[in-house]
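The values are calculated or read from the model by the stated rules, or taken from the named source; none is laboratory data. In this text, all values refer to a predicted model and were calculated from it rather than measured experimentally. Here Cβ is always computed from backbone atoms with ideal geometry, including for glycine, and neighbour counts include all displayed protein chains.
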Amino acid sequence: MKRVFVLLLALLLLPCLSCGRKTEEGAAEDPDIYAYDPETDMDNRFASLRSCIAETEDVIYWKPNDGSTLMYYDKVSGECAPLCGKPECEHFLHGNMFEPVTSCNAYCLAENGALWLIGDKFYYAAYENIPEYNAFSALYRMDADGTNKEKLMPISVPENCALQNYQLHRGRLYSYCYVNTVTDAEISCTLRIYSTPIDKGECDYTLIYERTTYNLSWCRMRFVGPYMYAFICYHDDELNENCGDIFRWNADTGEGISLYDGPGLGGGDAFWVDQNGVVYTQMYIDGDPSKLGRIVNGECEVVMDFSDPTGDYYVCRIGDGIVIGLRNDTETSWPADPEHYDIWLRNMEGETLYKGKLPMAWLEQMQAGATFYRIDTLTGDTDAIIAEYSVRWRNATHQNEPKGGCLVRYEITENGLVETVLGTYYEKIVNYGSL
Ligand SMILES: [Zn+2]
């Protein structure tokens, strides 16, 4: 009898033992639903970038933001080349990525940031005019060697708004857009976030967020488990301040909730959600961007300080387990002096992994005459950070200047950052941009 009672008690307790942590709403959740799954999930290190970057254990893929060539870097052999196994293929002419060979396997018209390696396939959104679907883009899938490109669906424009910055996570495409409206001669701008499944052959949108302001807003997204986390940066007209709304949407239930809404946050590039659903962001208080904040119960609390007696760092981007602080003491105007960048890398416990000069030896590998233009991307994890740089070949008029770039991996070691060039590109507009 006693044994039966114990068994009953154990059965009664069982659901509680496996119920995991409580969410803000008090609902029990399985912690495993947050775990990153490379078979279905967005790699947040590369979310909301202008260029396309993807990484596996052995390979790093890169499509620079304006180019149309997908390149790869083999971590084992050190080889870097367009992702094309076709014998005799030139990939692009005259070393110019703006003169692509369109039959090349590496030829890929993915839009800015809209290419993802999910499972063993690439997915990408490419420019394509499809009037019968009111679409200016289409979603494609291809094998990881650049072959077997297939169109999955036209990406229709919902309610005539211009879609921006696609993201793909767990079988759903996310995008935000703007709609201009005029009410009583007042022009206002509405930011909307839409999501659609990608397995129906056409879009079936759900409107998941909407905010109307006088000024233009923008949005950055991260993904964990069934959740889309959006950082919406907008100008609050009554407060006359820039504000951030960190909004979470559950694709399984269709429920959305604002986790923080108000002033005091940065512009959304330094934004991260960890595998426990904890949100981190750059804070921006009285012009000070040197603090990392964490959202707890609708408030943003300081968890890391990047101020420094020799000049403060700003919280530039948050990667997987790493916070990237950056500063440049170039006295003159932009572009900054590349020799004057300092970087401060810390893990989520605040421990310093590296603090010092950001090595720029990659510049010597660019063709002669290249001048530093800017850092386009910094992201990474506790093993290494990945940086994307752009350069210009300046001329007297600054008209039609050739531009180029470089992707660099910095391994974080006890002896500092070990720099490896993953790839470079050169782009020059020819024939007025028409090929
Ligand atoms: Zn080729």
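Taken together, the residues in the range 343-392 that are part of a loop (DSSP other than H, G, I, E, B), modelled with pLDDT under 95 and not aliphatic (A, V, I, L, M) amount to 2. Met71 falls short of the stated requirement of being within 20 Å of the chain's Cα centre (by Cα), more than 16 Å from the ligand (Cβ to nearest atom) and at pLDDT 95 or above. Among the residues of the range 89-110, the one identified as within 8 Å of the ligand (Cβ to nearest atom) and touching a helix residue (DSSP H, G or I) at 6+ places or on another chain (Cβ under 9 Å) is Val101. Taking the condition more than 16 Å from the ligand (Cβ to nearest atom) and more than 24 Å from Asp43 (Cβ to Cβ), does Phe136 pass? In short, yes.
Any chance you could count how many residues in the range 147-188 are closer than 16 Å to Ile130 by Cα and modelled with pLDDT of 95 or more? The qualifying residues number 7.
Would you confirm whether any residue within the range 112-120 is within 16 Å of the ligand (Cβ to nearest atom) and under 24 Å from Gly423 (Cα atoms)? Checked the range 112-120: no residue is within 16 Å of the ligand (Cβ to nearest atom) and under 24 Å from Gly423 (Cα atoms).
With respect to the conditions (1) buried (at least 17 other Cβ atoms within 10 Å of the Cβ); (2) more than 18 Å from Ala125 (Cα to Cα); (3) more than 13 Å from the ligand (Cβ to nearest atom), Glu57 lacks only one, and its number is (1).
Residues of the range 264-278 that are of a type in the set (A, V, I, L, M, F, W, C) and within 16 Å of Gly325 (Cα to Cα): Leu265, Ala270, Phe271, Trp272. Scoring Asn96 on the criteria (1) surrounded by 14 or more Cβ atoms within 10 Å (Cβ to Cβ); (2) farther than 21 Å from Ala126 by Cα leaves a single failure, condition (2).
For every residue, the table says whether it meets (1) closer than 25 Å to Leu292 by Cα; (2) among the hydroxyl-bearing types (Ser, Thr, Tyr); (3) surrounded by fewer than 18 Cβ atoms within 10 Å (Cβ to Cβ).
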{"site": "Tyr166", "(1), (2), (3)": "no, yes, no"}
{"site": "Thr181", "(1), (2), (3)": "no, yes, yes"}
{"site": "Tyr194", "(1), (2), (3)": "no, yes, no"}
{"site": "Arg220", "(1), (2), (3)": "yes, no, no"}
{"site": "Met228", "(1), (2), (3)": "yes, no, no"}
{"site": "Asp237", "(1), (2), (3)": "no, no, yes"}
{"site": "Gly244", "(1), (2), (3)": "yes, no, no"}
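Looking only at the range 299-308, residues that are outside any strand (DSSP E or B) and under 24 Å from the mean Cα position of the chain (by Cα) come to 1 in all.
Would you confirm whether any residue within the range 394-413 is touching a Cys at 6+ places or on another chain (Cβ under 8 Å) and at pLDDT 95 or above?
Let us first name the residues in the range 394-413 that are touching a Cys at 6+ places or on another chain (Cβ under 8 Å), namely none.
No, there is no match, as no residue in the range 394-413 is touching a Cys at 6+ places or on another chain (Cβ under 8 Å) and at pLDDT 95 or above.
Could you please let me know if Glu128 is closer than 25 Å to Asp41 by Cα, away from the ligand (no atom under 16 Å from the Cβ), part of a strand (DSSP E or B) and among the charged types (D, E, K, R)? Can you show your working first?
Working: closer than 25 Å to Asp41 by Cα: no; away from the ligand (no atom under 16 Å from the Cβ): yes; part of a strand (DSSP E or B): yes; among the charged types (D, E, K, R): yes.
So Glu128 fails the test.
Scanning the range 274-324 for residues that are assigned by TED's automatic domain parsing to the domain that holds Lys357 and at positive phi yields a single hit, Gly321. A single member of Gly254, Gly264 is small (Gly, Ala, Ser), closer than 29 Å to Asp376 by Cβ and touching a strand residue (DSSP E or B) at 6+ places or on another chain (Cβ under 8 Å), and it is Gly264. Checking each residue in the range 213-272 for being of a type in the set (Phe, Trp, Tyr), farther than 21 Å from Ala114 by Cα and part of a strand (DSSP E or B) picks out Tyr234, Phe247, Tyr260.
Scanning the range 160-206 for residues that are touching a Cys at 6+ places or on another chain (Cβ under 6 Å) and of a type in the set (Phe, Trp, Tyr) yields a count of 2.
Taking (1) of a type in the set (D, E, K, R); (2) within 21 Å of Gly380 (Cβ to Cβ); (3) within 16 Å of the ligand (Cβ to nearest atom); (4) at pLDDT below 95 in turn, Arg50 satisfies each apart from (3).
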